[in-house]
Amino acid sequence: MPEPMQDIQPVTLSSQAFLLLCRLFDGCYDELKQNESIQELIESIANILLAGVDTLEKQEQKPRSITFPLTLPQAFFLRRLIVETLAHAPEQEERTVKWLQECLAALSGEGGSHAAPIP
């Protein structure tokens, strides 16, 4: 069932931050999917991220940023995942931390420009 339009927010990330978010989510997808209470949420996030990867792969010239739609629950879940990742992995390389912080800011609705929207 589609979410009401007011509950969907566009999120814009650099392509590198988006791909890092995809890798992070993919790394815990199987474990998260086992929790029946959030299974539908996990599947919906996976579908959006896969659509974004597909969009990036189809473009000859890779965009610097990508915009994709998330519902408030999806954005909240991804924010929690990133916060936990940052808290439990303090020795990550500086670029990785920068991209995770970019994801966190974008998912919190802070700033961001719109480019390469996902249909």
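Please treat every number below as a calculation from the coordinates, not as lab data. All of these numbers come straight from a predicted model, not from anything done at the bench. Cβ coordinates were reconstructed from backbone atoms using ideal geometry, including for glycine residues, and neighbour counts include every protein chain displayed.
A few remarks follow.
- Positions within the stretch 82-95 being surrounded by fewer than 18 Cβ atoms within 10 Å (Cβ to Cβ) and either of a type outside the set (A, V, I, L, M, F, W, C) or within 16 Å of Cys22 (Cβ to Cβ) (or both), in sequence order: Glu84, His88, Pro90, Glu91, Gln92, Glu93, Glu94, Arg95
- Matching residues in the stretch 6-28 - criterion: being in a helix (DSSP H, G or I), closer than 18 Å to Thr71 by Cβ and either of a type in the set (Ser, Thr, Tyr) or touching a strand residue (DSSP E or B) at 6+ places or on another chain (Cβ under 8 Å) (or both): Asp7, Phe18, Leu21
- Among (1) under 23 Å from Ser108 (Cα atoms); (2) in contact with a helix residue (DSSP H, G or I) (Cβ under 7 Å, 6 or more places away or on another chain); (3) surrounded by fewer than 17 Cβ atoms within 10 Å (Cβ to Cβ), the one test that Leu50 misses: (2)
- Members of the stretch 54-78 that are part of a helix (DSSP H, G or I) and surrounded by fewer than 16 Cβ atoms within 10 Å (Cβ to Cβ): Asp54, Glu57, Lys58, Leu72, Pro73, Phe76
- Residue match in the stretch 64-86 (condition: more than 19 Å from Gly109 (Cβ to Cβ) and in contact with a strand residue (DSSP E or B) (Cβ under 9 Å, 6 or more places away or on another chain)): yes
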